[in-house]
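The structure appears below as structure tokens.
The values are calculated or read from the model by the stated rules, or taken from the named source; none is laboratory data. Quick caveat, the model's predicted, so the values are computed rather than measured. Positions of Cβ are generated from backbone atoms using ideal geometry, with glycine treated the same way; all protein chains shown enter the neighbour counts. For the accessible areas, the whole protein counts, side chains as well, though only heavy atoms, and no ligand, DNA or RNA atoms are used. Shrake-Rupley method; radii C 1.70, N 1.55, O 1.52, S 1.80 Å.
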Amino acid sequence: MREKRVVVLISGRGSNLSALIAAQIPVVAVLSNRIDAMGLSDAKAHGIVTQCVLPRDYPNRESYDGALRDCIDVYQPDVVLLAGFMRILSAEFVAYYQGRLLNIHPSLLPSYPGLDTHARALADGVKIHGCTVHFVTPTLDSGPIVVQAAVPVRVGDTAEILAERVLAAEHVIYPQAVTWLLQGKLSIHDPGGVVVPVGVDTLPQSVWMPDI
Ligand code: GRF
């Protein structure tokens, strides 16, 4: 059986990408919509191929997504990961990779989809916050949930401090979720799209990280 292959899409810092690489996830290529994405340098330092597909080179979302798909497919990935990829993807693109496209989101979905999750959580006075790895579906931040990690919100937290705490949890659960998917341990039950473990009944799909 051939080695598993993972393609990661990034737009910025790339700390989740670094965590995936450190966890020995078989990343064969990193693609970005931005030439200045900081994460590209870490990929290069690890000898991983990088490529930029720039929106300015395409007249509309459909042609951009088509070009991105063509680029991804050159690497014949088993799994495609969004890791801070700041673009809405078309329904066609998402459908094409259905079941092998994951995202990490910095909140306990379905709470706080979209942007500025940490500031919104603080403004609401929640006492528990966290992050979610989910399969990607056409509706933003709402696909079947694979795993979530919860962290405490502490007195005096700013959005930046809370973001840092959540990010540390992201770096634990994203490699874990990808490993399960590569091992064939996840399946999506319809209707409802609930992700359940296959062949094992003890995957820790919810994690409380009070000390991170
Ligand atoms: C993370 O907070 C992730 O949850 C969100 O975008 C951010 C990416 O951070 N989707 P990084 O580029 O992986 O450091």
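Hey, quick one: spin label on Glu160, modelled 7 Å out along Cα-Cβ, who in the range 100-131 has an amide N within reach, i.e. under 19 Å? Answer for this model: 116-123.
Solvent exposure of the chain, expressed per residue, is 49 Å² of accessible area, with all protein chains present and a 1.4 angstrom probe. Can you tell me how much longer the chain between Gln98 and Lys127 gets when fully stretched, taken as 0.36 nm per residue apart minus their C-alpha distance, in nm with one decimal? Fully extending the segment from Gln98 to Lys127 adds 7.0 nm. Calculate the spin-label point distance for Met86 paired with Ser111, positioning each point 7 Å from the Cα along the beta-carbon direction, and give it in nanometres. Modelled inter-label distance: 2.5 nm. At full extension, Ser142 and Arg13 could sit 44.1 nm farther apart than now, given 0.36 nm per residue minus the alpha carbon distance. Distance between the pseudo-spin-label points of Ser187 and Arg56 (7 Å out from Cα toward the beta carbon): 4.8 nm. For the pair Ala168 and Ala67, what calculated FRET efficiency results from E = 1/(1 + (r/R0)^6), where r is the Cβ-Cβ distance and R0 = 25 Å, to the nearest 0.05? For R0 = 25 Å, the calculated efficiency reads 0.10. Backbone amide hydrogens, once placed in the peptide plane, bring Val49 within less than 5 Å of Val30, excluding anything fewer than 5 places away on its chain.
Distance from the C-alpha centroid of the range 88-122 to that of the range 1-69: 17 Å, rounded to the whole angstrom. Element breakdown for the chain at a 1.4 angstrom probe: carbon and sulfur atoms account for 55% of the accessible area.
Close amide H contacts of Val147 (hydrogens built in the peptide plane, cut-off under 5 Å, sequence separation of 5 or more or a different chain): Val133.
Extent along the principal axes, Cα only, for the chain: 47, 41, 34 Å, with the longest axis given first. The simple Förster model, with R0 at 25 Å and r as the Cβ-Cβ distance, assigns Ala119 and Lys4 a FRET efficiency of 0.10. Residue by residue, the range 74-86 carries 3J(HN,Hα) couplings of 4, 8, 6, x, 7, 9, 10, 10, 8, 9, x, 8, 8 Hz when phi is fed to the Karplus relation 6.51 cos²θ - 1.76 cosθ + 1.60 (θ = phi - 60°); x denotes Gly or Pro. Positive-end ranking of Val155, Val196, Val133 along the dipole of the range 123-212, with charges on Cβ about the Cα centre, is headed by Val196.
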